[in-house]
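Below is one structure, written out as structure tokens; the observations come after it.
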Amino acid sequence: MTFATEFAFTLPRGYVDASSQVHQEGRMRLATALDEIEAIQDPRVQANEAYLPVLLLSRVITQLGDLPAVTPQIIASLFVIDLAYLEDLYQRINSPEQVVIGAVCPHCSTQFQLQVAPLS
């Protein structure tokens, strides 16, 4: 059995670069303790905690389209739906616990809790 340390993803919208090229396909690796420690100690996070996901994601996303690197500026420029998608993926691959989300049945509008299986 192999242990996956990197996971492919497709952004819902994609990052649009300066030449209007859209980058949707990417890869995210498992986070290390150092990723989280250094991100928390960053002065931008000290000034604004909301910047933490931007730094963490820029450290763990190893590929986004054919961009040469994924920087905090690129992550900060993502559409909100893409940022939310990546934050959810980060939680799913790095959390030891099952992720539970609220869901609504598209047919009868009943609300329920849905357990999301961890990625493997």
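The values are calculated or read from the model by the stated rules, or taken from the named source; none is laboratory data. All values derive from a computational prediction rather than experimental measurement. Glycine gets a Cβ as well: all are built from the backbone with ideal geometry, and neighbour counts include every protein chain shown. When the accessible area is computed, the model is the full protein with side chains, heavy atoms only, and any ligands, DNA or RNA have been set aside. Shrake-Rupley method; radii C 1.70, N 1.55, O 1.52, S 1.80 Å.
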message: I'd like to check one number: the per residue accessible area of the chain, probe 1.4 Å, reported in Å² as a whole number.
response: 65 Å²
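Give me the net charge for the shell around Q63: Cβ to Cβ below 12 angstrom, other residues only, Lys and Arg +1, Asp and Glu -1.
On the way: positive: R27, R29; negative: E6, E25, D66.
Taking every other residue near Q63 into account, the sum is -1.
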- prompt: Which listed residue (T62, S19, Q41) has the Cα farthest towards the positive end of the charge dipole for the stretch 7-91, taking +1 on Lys and Arg C-beta and -1 on Asp and Glu C-beta about the Cα centre?
  reply: S19
query: About its Cα centre, how strong a charge dipole does the chain have in debye, to the nearest 20, once Lys and Arg get +1 and Asp and Glu get -1 at the Cβ?
result: 180 debye
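Suppose only helical runs count, i.e. DSSP H with n ≥ 4. What mean residue ellipticity at 222 nm does that imply for the chain under -39500 (n - 2.57) per run, divided by all residues and rounded to the nearest 500 deg cm²/dmol? Could you put the intermediate results ahead of the total?
Working: 5 runs with 43 residues, N = 120.
Calculated mean residue ellipticity at 222 nm is -10000 deg cm²/dmol.
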statement: In the chain, whole DSSP H helices that both stretch 18 Å or further along their axis by alpha carbon positions and average at least 0.0 on the Kyte-Doolittle scale are 80-94
- request: Set Lys and Arg Cβ to +1 and Asp and Glu Cβ to -1, take the dipole of the chain about its Cα centre, and tell me which of P106, I74, P96 lies farthest positive.
  value: P106
message: I'd like to compare 55-67, 74-86: which one has the highest average count of other Cβ atoms within 10 Å, and what's the full order after that?
response: 55-67, 74-86
message: Eigenvalues of the Cα gyration tensor times 5, then square-rooted: what semi-axes does that give for the stretch 1-112, in whole angstrom, largest first?
response: 24, 19, 16
- request: Choose one answer from V54, V22, V70: the residue with the largest mean-square fluctuation in a GNM of the chain with alpha-carbon springs under 10 Å.
  value: V22
task: Apply the Karplus parameterisation 6.51 cos²θ - 1.76 cosθ + 1.60, with θ equal to phi minus 60°, to every residue of the stretch 10-26 and state each ³J(HN,Hα) to the nearest whole Hz, in sequence, with x for glycine and proline.
output: 10, 5, x, 10, x, 7, 9, 7, 4, 9, 6, 7, 9, 10, 10, 7, x
query: HN-Hα J couplings of the stretch 63-71 from phi, Karplus 6.51/-1.76/1.60, θ = phi - 60°, integer Hz, Gly and Pro as x?
result: 7, 9, x, 10, 5, x, 7, 10, 9
FRET efficiency for A47 and I81, using Cβ-Cβ distance with R0 set to 30 Å, rounded to 0.05: 0.70
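Note down the net charge around T32, summing +1 for each Lys or Arg and -1 for each Asp or Glu among other residues with Cβ under 14 Å from its Cβ. Please report the intermediate quantities before stating the final value.
Numbers: positive: R29, R59; negative: E6, D35, E36, E38.
Residues near T32 contribute -2 overall.
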